[in-house]
Each structure stands twice: as structure tokens, then as C-alpha cells.
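Note sheet for the following structure.
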Amino acid sequence: GIDLYLLARVISGEARGEPYLGKVAVGAVILNRIESPKFPNTLTGVIYQPYAFESVANGQIWRPLATDSLRAAQDAVSGWDPSYGALYFWNPSKPVNPWVWTLTIIRRIGNHVFAR
């Protein structure tokens, strides 16, 4: 099965300070990537894919877990997908690769937009 703690660490690193719904959505995006032929087919493959997640690159995932991140990881693994099938998310107020704006934006939750 999925390593809930590893998933929770990435949720915590990427969505700290985001609403709970946004944390679950970030977890769902990671799980959606595992299922997508465009991405590696394991959790570690997706998470450690070069340049995929800023919090992995900068070590934020090793900070103490945000309290509800584990619950968000569990909710995502249980099948809740507030991202509606998204494969990408980003914060538009931060510098992002311009190609992300070519993606189809599905919804916005907190400071993140979700797209595929």
C-alpha cells in the first residue's frame, strides 16, 4: 500500500497553511500521478521525480508534520479527490514555469490552482 507518512510529509510541505480541502487535493494529485501513464507508477517515483515538488527539493518535507496532513493523506488514499482528477497544482503568486498556464485549470482551492 501507500506509505501514508511519506504522502503526509509532501502534503505538509506543499500545502502547509492551506485549507484542509486543499491538503486533501494535493494528496489526490500525487495519487492521480501514480495512476497516470505520464508519471512514475509508485509513490516514491512520483515524489522524488526531479523538480516535481519544491518541498522535496528544499527539504521542507522533513519538517515536523502539520497536524492534519496525515488525516488528509488518509482521506486522499480513501478516494476523496477534491482536485477532480488534477495532475498538477501550483500557487499563481509564486514564480512558476510558464508552460503550466497551457494546462486546463479545473479548480482553485486556497492559494493553489489545480489542473490537468
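The values are calculated or read from the model by the stated rules, or taken from the named source; none is laboratory data. What you see is a predicted model, and the numbers here were worked out from it, not measured in a lab. For neighbour counting, all protein chains shown are included, and Cβ atoms are generated from backbone atoms with ideal geometry for every residue, glycine included. Just so you know, the surface numbers come from the protein's heavy atoms only, side chains and all, with ligands and any DNA or RNA stripped out. Shrake-Rupley method; radii C 1.70, N 1.55, O 1.52, S 1.80 Å.
Details
- Within region 83-116, being assigned to a loop (DSSP other than H, G, I, E, B), among the charged types (D, E, K, R) and within 14 Å of Ala15 (Cα to Cα) holds for one residue alone: Lys94.
- Check on Ala25, among the small types (Gly, Ala, Ser), at pLDDT 95 or above, buried (at least 23 other Cβ atoms within 10 Å of the Cβ) and in contact with a strand residue (DSSP E or B) (Cβ under 7 Å, 6 or more places away or on another chain): yes
- Candidates in region 83-105 are the residues that are of a type in the set (A, V, I, L, M) and modelled with pLDDT under 95; of these, the one that is least open to solvent (accessible area, probe 1.4 Å) is Val100.
- Some residue of region 46-53 being in a helix (DSSP H, G or I) and among the small types (Gly, Ala, Ser): no
Residues checked against (1) without any contact (Cβ under 8 Å) to a residue 60 or more places away in the chain; (2) in a helix (DSSP H, G or I); (3) open to solvent by 20 Å² or more (accessible area, probe 1.4 Å):
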| site | (1), (2), (3) |
| --- | --- |
| Leu21 | no, yes, yes |
| Lys38 | yes, no, yes |
| Thr44 | yes, yes, yes |
| Val56 | yes, yes, yes |
| Thr67 | yes, no, yes |
| Ala72 | no, yes, no |
| Asp75 | yes, yes, yes |
| Asp81 | yes, no, yes |
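- Criterion: over 14 Å from the mean Cα position of the chain (by Cα), charged (D, E, K, R) and within 15 Å of Ala25 (Cα to Cα) - qualifying residue of Asp75, Asp68, Asp81: Asp68
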